[in-house]
Amino acid sequence: MKPPAPAKLEARQVALERYNERTAQYLPVLAGIDLKVHMGEVVAIVGPSGCGKTTFLNAVDGLTPITSGDILVDGRPVTAPGPDRALVFQNDSLFPWRTVLRNVTYGLEIQGALSRQAMHARARALIDLIGLQAFAEHYPHELSGGMRQRVNIARALAMEPEVLLFDEPFAALDAQTREFMQVELMKILARARTTALFITHQINEAIFLADRVAVFSARPARIKEVIDVDLPAPRTLDLKHQPAFQELERRVWRLIEEEAVETGMIT
């Protein structure tokens, strides 16, 4: 039997508590998260609102210290933010005074490891990858919301991270653009061969984008179940109307509904 591939990203018994100064008590947020993400894999995390999904993502990025356990990238402990990870936020956060090209090169300029010519070559290759060749010299206000988020993804990819972290990247988009961006993101990740961890509240988005879906329990979060998404590729939006897709969607919904009932969110 072929041995399993080593994990690109691994969380081992990750626990996290927050201190509430008003009550002088510790609030448990994560309660022993175990999760592996393999090279080139996309894993989506869903769960009840407020369960700690974004907190976990921030811990993986090194922005939020964990109380116990380990987070590893290629076997190296995560103790702070680093160039091996890049976080894509809900809002595009592009610099309005910079063109698309100069927004994509921003992190490279700060890093200072490449010549101007090399930075521009890398940025233009990524702008081609996201399909915005004709907009390299445009400013953010001249782009649609979906186009700006594509630039945001290109800016993250420019740093050549080992793992891309997405925190609800399409939440600010209208429903139609969000659907189209899911397709575009799948193409971008496939071409870039990037490992990704994706946080979303949209169950069908998680199933459409991911190789596996990790369902978090209510807070303090633990892994309730990890579901393999065995659906054909390349995926198109028509897939969401297929029985196999809808059955996976119902399965995830049932898991989240169980948590909502147990915690009294619904009766």
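The values are calculated or read from the model by the stated rules, or taken from the named source; none is laboratory data. Keep in mind it's a predicted model, so treat the numbers as computed, not measured. Ideal geometry is used to build each Cβ from the backbone, glycine not excepted, and the neighbour counts take in all protein chains shown.
One residue alone among 114, 132 is out of contact with any Pro (no Cβ under 9 Å at 6 or more places or on another chain) and under 21 Å from residue 83 (Cβ atoms), and that residue is 114.
On inspection, residue 104 does not qualify as hydrophobic (A, V, I, L, M, F, W, C) and either at pLDDT below 95 or under 17 Å from residue 12 (Cβ atoms) (or both).
Would a scan of region 94-108 turn up a residue that is touching a residue at least 12 places away in the same chain (Cβ under 8 Å) and at positive phi? For region 94-108, residues touching a residue at least 12 places away in the same chain (Cβ under 8 Å) and at positive phi: absent. Taking region 154-182, which residues are touching a helix residue (DSSP H, G or I) at 6+ places or on another chain (Cβ under 7 Å), not small (Gly, Ala, Ser) and not in a helix (DSSP H, G or I)? If the condition is that a residue be touching a helix residue (DSSP H, G or I) at 6+ places or on another chain (Cβ under 7 Å), not small (Gly, Ala, Ser) and not in a helix (DSSP H, G or I), then 159, 164, 165, 167, 169, 170, 173 are the ones that fit. The residues in region 130-153 that are closer than 15 Å to residue 182 by Cα and in a helix (DSSP H, G or I) can be counted, and the count is 9. For region 229-266, filtered to residues that are assigned to a loop (DSSP other than H, G, I, E, B) and among the hydrophobic types (A, V, I, L, M, F, W, C), the residue that is surrounded by the most Cβ atoms within 10 Å (Cβ to Cβ) is 229. Of the residues making up region 58-117, those that are in a helix (DSSP H, G or I) and of a type in the set (Asp, Glu) are 61, 109.
Condition check ((1) touching an Asp or Glu at 6+ places or on another chain (Cβ under 8 Å); (2) surrounded by 21 or more Cβ atoms within 10 Å (Cβ to Cβ); (3) at pLDDT 95 or above; (4) over 30 Å from residue 222 (Cβ atoms)) across all residues:
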{"site": "82", "(1), (2), (3), (4)": "no, no, no, no"}
{"site": "98", "(1), (2), (3), (4)": "no, no, yes, yes"}
{"site": "110", "(1), (2), (3), (4)": "no, no, no, yes"}
{"site": "136", "(1), (2), (3), (4)": "no, no, yes, yes"}
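Across region 172-221, which residue is surrounded by the fewest Cβ atoms within 10 Å (Cβ to Cβ) among those that are among the hydroxyl-bearing types (Ser, Thr, Tyr) and closer than 30 Å to residue 26 by Cα? So the residue we want is 217. Among the residues of region 12-29, which ones are loosely packed, with under 10 Cβ neighbours inside 10 Å and small (Gly, Ala, Ser)? The answer is 24, and nothing else.
The single condition among (1) modelled with pLDDT under 90; (2) aliphatic (A, V, I, L, M); (3) closer than 30 Å to residue 260 by Cα that residue 223 does not meet is (1).
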